[in-house]
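Let me give you the structure first, and then I'll get to my questions.
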Amino acid sequence: MSRFTLTETQQQALLDAARHAQRQAYAPYSRYPVGAAVLDDQGRIHAGCNVENAAYPEGLCAEAAALAAMVLAGSIRAMAVLVVGPGGKNNSAWTMPCGGCRQKLREFGAPSMPILSANDTAQGPRHTLSALLPESFGPEHLGNT
Ligand code: THU
């Protein structure tokens, strides 16, 4: 399998889409708006934002929303993900996918899939899915490849 390389153009398109999505976030409880963008295997970008709920555990993360948009659009292969949140400012930690979202990304991404972080003014670290979720459980364990 040939290794995927994220181009500068694709990275900029992910950044634009995630920042645009962040502005639509519904986060009145945490006041922590997040946007996410996923590049699929057809070169399309799908975005999502967090959608919180008065019943706190019912809130939805931006990554989950972006993946749902990707599946709805007909792709089940994610090639790269970029997350934009308030992190990375004033020495704060960069916004990173939560544990549950790392597992959700695992369903549709290769171990080498890049996961990038950013805020509204700067780009942050870049990791691979396997670095953020090592020794993980996935579709192949159930015979689904
Ligand atoms: N959140 C995301 O949507 N994605 C992340 O990568 C980190 C956290 C949301 C969940 C909640 O609405 C808010 O950020 C604070 O945890």
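The values are calculated or read from the model by the stated rules, or taken from the named source; none is laboratory data. Bear in mind that the values here come from a model prediction, so they are computed numbers and not experimental data. Note that each Cβ is placed from the backbone with ideal geometry, even for glycine, and that neighbours are counted across all protein chains shown.
Look through segment 32-69, keep the residues that are polar (S, T, N, Q) and over 12 Å from the mean Cα position of the chain (by Cα), and return whichever of them is farthest from V81 (Cα to Cα). Break it down stepwise before answering.
Restricting attention to segment 32-69, the residues satisfying the condition of being polar (S, T, N, Q) are 42, 50, 53.
Now restrict to residues that are over 12 Å from the mean Cα position of the chain (by Cα): 42, 53.
Values: Q42: 14, N53: 24 Å.
The selected residue is N53.
Could you identify the single residue in L39, L14, L6 that is aliphatic (A, V, I, L, M) and surrounded by fewer than 17 Cβ atoms within 10 Å (Cβ to Cβ)?
Working: L39 fails: surrounded by fewer than 17 Cβ atoms within 10 Å (Cβ to Cβ); L14 fails: surrounded by fewer than 17 Cβ atoms within 10 Å (Cβ to Cβ).
When all the criteria are applied, what remains is L6.
Here is a list: K89, K104. Which entry is charged (D, E, K, R), surrounded by fewer than 20 Cβ atoms within 10 Å (Cβ to Cβ), at pLDDT 95 or above and not in a loop (DSSP other than H, G, I, E, B)?
Numbers: K89 fails: not in a loop (DSSP other than H, G, I, E, B).
One residue alone meets the criteria, K104.
Quick check: is even one residue across segment 63-82 buried (at least 16 other Cβ atoms within 10 Å of the Cβ) and touching a Pro at 6+ places or on another chain (Cβ under 6 Å)?
Checked segment 63-82: at least one residue is buried (at least 16 other Cβ atoms within 10 Å of the Cβ) and touching a Pro at 6+ places or on another chain (Cβ under 6 Å).
Now for a different question. Of these, T95, T121, T145, which one is part of a loop (DSSP other than H, G, I, E, B) and in contact with a helix residue (DSSP H, G or I) (Cβ under 7 Å, 6 or more places away or on another chain)?
Values: T95 fails: in contact with a helix residue (DSSP H, G or I) (Cβ under 7 Å, 6 or more places away or on another chain); T121 fails: in contact with a helix residue (DSSP H, G or I) (Cβ under 7 Å, 6 or more places away or on another chain).
Selected residue: T145, the only one of T95, T121, T145 that is part of a loop (DSSP other than H, G, I, E, B) and in contact with a helix residue (DSSP H, G or I) (Cβ under 7 Å, 6 or more places away or on another chain).
Would you be able to say whether some residue in segment 37-44 is at pLDDT 95 or above and within 15 Å of the ligand (Cβ to nearest atom)? Full working, then the answer.
Of all residues in segment 37-44, those at pLDDT 95 or above come to 37-44.
Adding the requirement that they be within 15 Å of the ligand (Cβ to nearest atom) leaves 37-38.
For segment 37-44, residues at pLDDT 95 or above and within 15 Å of the ligand (Cβ to nearest atom): present.
This table checks each residue for (1) of a type outside the set (V, I, T); (2) within 14 Å of the ligand (Cβ to nearest atom); (3) closer than 21 Å to G138 by Cα; (4) modelled with pLDDT under 95.
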site	(1), (2), (3), (4)
D16	yes, no, no, no
A25	yes, yes, no, no
V34	no, yes, no, no
H46	yes, no, no, no
E58	yes, yes, no, no
A68	yes, yes, yes, no
V71	no, no, yes, no
M79	yes, no, yes, no
T95	no, yes, no, no
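How many residues are crowded, with 19+ Cβ neighbours inside 10 Å and closer than 22 Å to M113 by Cβ if we restrict to segment 42-57? Give the steps one after another, and end with the answer.
In the first step, residues of segment 42-57 are kept if they are crowded, with 19+ Cβ neighbours inside 10 Å; the result is 45-50, 52.
Retained after the next criterion (residues that are closer than 22 Å to M113 by Cβ): 45-50.
Total meeting the criteria: 6.
Among A21, A64, which is the only one that is more than 17 Å from L116 (Cβ to Cβ), in contact with a helix residue (DSSP H, G or I) (Cβ under 8 Å, 6 or more places away or on another chain), touching a residue at least 40 places away in the same chain (Cβ under 8 Å) and in a helix (DSSP H, G or I)? It would help to see each step written out before you state the result.
Details: A21 fails: more than 17 Å from L116 (Cβ to Cβ).
That would be A64, the only listed residue that is more than 17 Å from L116 (Cβ to Cβ), in contact with a helix residue (DSSP H, G or I) (Cβ under 8 Å, 6 or more places away or on another chain), touching a residue at least 40 places away in the same chain (Cβ under 8 Å) and in a helix (DSSP H, G or I).
Another question about this same structure. Looking at (1) buried (at least 20 other Cβ atoms within 10 Å of the Cβ); (2) assigned to a loop (DSSP other than H, G, I, E, B), can you tell me which one Y32 breaks?
(1)
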